[in-house]
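All of the numbers you see were taken from the coordinates with simple rules; none came from a lab. As the structure is a computational prediction, the values presented were derived from the model and not from experiment. Because the Cβ atoms are built from the backbone with ideal geometry, glycine has one as well, and the counts that use them run over all protein chains shown.
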Amino acid sequence: MSANTVPNVFHTHQAAGVEAEVRVDTPTMDRLRRAKRERPRGLFLKGPVPLDRIARAVRISGRALALLLAIHFQVDVSRQQWVRVTEGLLIKFGLTRDDKKRWLPRLAEVGLIDINNRGRGRATQVRLRNDSKQKIEPKRDKTETPRN
């Protein structure tokens, strides 16, 4: 493609040796051009994420919220109901294995997720709970600092 050619222009050669430019501007081409311009870069969290679910996780801790969002992300990416919370996923969200061990049971206590422990040596699977009717206040950890 030469430097002076215009995108979305087709060059036709006629039998007489005359070259003509035909610009293709259809609604479909416009929509495709716009979609290409507006495509988000990098990873993103697919929504909607119910505000009630976020608020319930924040009441536990900020780390619990990060873990919940990581689970949301993994469910959306994998398109599976049950997912594993891998080390790579934890790293993307700034979490550690200790955070996973501590906050997964707490998220399950308040009814945000279900946990499937598959036994020693097998990765734990989790799924998001769809029912937001069950609202249980989490137990406070002795290690947590009181909120002022």
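Could you look through the stretch 42-72, keep only residues that are in a loop (DSSP other than H, G, I, E, B) and touching a residue at least 60 places away in the same chain (Cβ under 8 Å), and pick out the one that is surrounded by the fewest Cβ atoms within 10 Å (Cβ to Cβ)? For the stretch 42-72, the residue satisfying everything is 50. Note on the stretch 95-118: residues that are in a loop (DSSP other than H, G, I, E, B) and not aliphatic (A, V, I, L, M) amount to 4. May I ask you to list the residues in the stretch 96-114 that are among the acidic types (Asp, Glu) and surrounded by 14 or more Cβ atoms within 10 Å (Cβ to Cβ)? Once the filter is applied, which keeps residues that are among the acidic types (Asp, Glu) and surrounded by 14 or more Cβ atoms within 10 Å (Cβ to Cβ), the stretch 96-114 yields 99, 109, 114.
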